[in-house]
Amino acid sequence: QRVVRIYGVIRDRTEQHRTAEALQALERVAPATLDALSAHIVILDAGGRVVAVNRAWRTFNAGGAAAGLTPAVAIGDDYLTLCSGLAPQVAPEANSLADGIRRVIAGDIEEFSLEYSVTASETPAWFSVRVTPLQGERDRSVVVAHENISDRKRAEDAVRAIPGVTSATVVL
């Protein structure tokens, strides 16, 4: 017997390998990028469940939970129910935050922001929260970013306490 013909198909998989390498790099860089941010970040799915958090969130959440100020929040928890369950004397604006998150998830608004206080300790803390849709996601996942603005709020209060100074004369 002799071989008369050989048939075959050759595929260049160079682009496929490049794409796989790029995705692997992104999988390494994305969590590191999230952890590099100073804001307390929590990412929620369309049902309001926690799917990811950053280092700042983990640190803040562990401290608040250890002090008994806030419930511990873990991956898979229903963040909206946790917000709604906070006592009004601890976080008066928690229901407004939960409603704002729901509205962004539903697509009713593109972004929600709110300044809120946490009054459970002797020294109240102030935060600014911004809720935005996670770009590229079809299921309306959202990013919830909390920034501690307590120093700014204390400075504003100190300026207001100065006789003769009005908010119109001072811009912080």
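Summary table
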{"read-out": "Test: residue in segment 119-130 that is at pLDDT 90 or above and not hydroxyl-bearing (Ser, Thr, Tyr)", "value": "yes"}
{"read-out": "Pairs with Cβ under 8 Å, 6+ apart, first in segment 108-125 and within 20 Å of Ala145 (Cβ to Cβ) and assigned to a strand (DSSP E or B), second charged (D, E, K, R) and modelled with pLDDT of 90 or more", "value": "Phe112/Arg103; Phe112/Arg130; Ser113/Arg130"}
{"read-out": "Out of Leu80, Leu34, sole residue that is assigned to a helix (DSSP H, G or I), modelled with pLDDT of 85 or more and in contact with a helix residue (DSSP H, G or I) (Cβ under 6 Å, 6 or more places away or on another chain)", "value": "Leu80"}
{"read-out": "Selection status of Thr59, loosely packed, with under 11 Cβ neighbours inside 10 Å, among the hydroxyl-bearing types (Ser, Thr, Tyr) and either modelled with pLDDT of 75 or more or over 24 Å from Gly48 (Cα atoms) (or both)", "value": "no"}
{"read-out": "In segment 1-31, the residues that are assigned to a helix (DSSP H, G or I) and either among the small types (Gly, Ala, Ser) or at pLDDT 85 or above (or both)", "value": "Ala20, Ala22, Ala25, Ala30"}
{"read-out": "Residue check for Val42: modelled with pLDDT of 90 or more, in contact with a strand residue (DSSP E or B) (Cβ under 6 Å, 6 or more places away or on another chain) and open to solvent by 50 Å² or more (accessible area, probe 1.4 Å)", "value": "no"}
{"read-out": "Every residue from segment 117-155 that is open to solvent by less than 30 Å² (accessible area, probe 1.4 Å) and of a type in the set (Phe, Trp, Tyr)", "value": "Phe127"}
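The values are calculated or read from the model by the stated rules, or taken from the named source; none is laboratory data. Owing to the predicted nature of the structure, the values given are computational and were not obtained by experimental measurement. Reconstructed Cβ throughout: ideal geometry from the backbone, glycine too, with neighbour counts over all protein chains shown. For accessibility, only protein heavy atoms count, side chains too; no ligands or nucleic acids. Shrake-Rupley method; radii C 1.70, N 1.55, O 1.52, S 1.80 Å.
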